[in-house]
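The values are calculated or read from the model by the stated rules, or taken from the named source; none is laboratory data. Small disclaimer: the values here were computed from a predicted structure and weren't measured. So basically every Cβ, Gly included, is an ideal-geometry build from the backbone, and we count neighbours across all protein chains shown.
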Amino acid sequence: MRRFSYVLIVCSCLFLLTAGYYFSYQLGNSDQPEIQPPTTQETEQILQPSYLIRIVDGKVVIQHSDGSVYETTEISEESLPSSVREKIQKEYRLNSRQELYSFLENYSS
């Protein structure tokens, strides 16, 4: 009988320790906001940089969206159609590398 009571006391202590650990873990995690994975649009914006097309000293210059120069081209302002020059004066933004390469391919020759 004495042995049974010791086993019962040990099992009760183990149960209380396990329950205390479980509830303290749950309480600690409830304060932290749940981390949301980035949306598809946010991921595309991270992976797809945007570029600004500017004219500097009569040549086309490609800049990153933060204003740093990506590439200085030999494309002259006079070789561009007037509609493209008007877009550049307003703010001509290309949203992917593919758009940038297409622009360069069309106007560099």
* segment 50-86 - residue that is in a helix (DSSP H, G or I) and in contact (Cβ under 8 Å) with a residue 24 or more places away in the chain and, of those, nearest to ASN106 (Cα to Cα) -> SER79
* To do: Consider GLN63 carefully, then state whether it is at pLDDT below 75 and either surrounded by 13 or more Cβ atoms within 10 Å (Cβ to Cβ) or in contact with a strand residue (DSSP E or B) (Cβ under 7 Å, 6 or more places away or on another chain) (or both).
  => no
* Just wondering, is there one or more residues in segment 30-49 that are surrounded by 13 or more Cβ atoms within 10 Å (Cβ to Cβ) and either modelled with pLDDT of 70 or more or part of a helix (DSSP H, G or I) (or both)? -> yes
* **Conditions (1) at pLDDT 80 or above; (2) surrounded by fewer than 10 Cβ atoms within 10 Å (Cβ to Cβ): number failed by LEU16** => (2)
* Test result for GLU91, on the phi < 0 side of the Ramachandran plot, among the acidic types (Asp, Glu), out of contact with any Leu (no Cβ under 6 Å at 6 or more places or on another chain) and at pLDDT 85 or above -> no
* How many residues are surrounded by fewer than 14 Cβ atoms within 10 Å (Cβ to Cβ) and among the β-branched types (Val, Ile, Thr) when one looks only at segment 73-99? -> 0
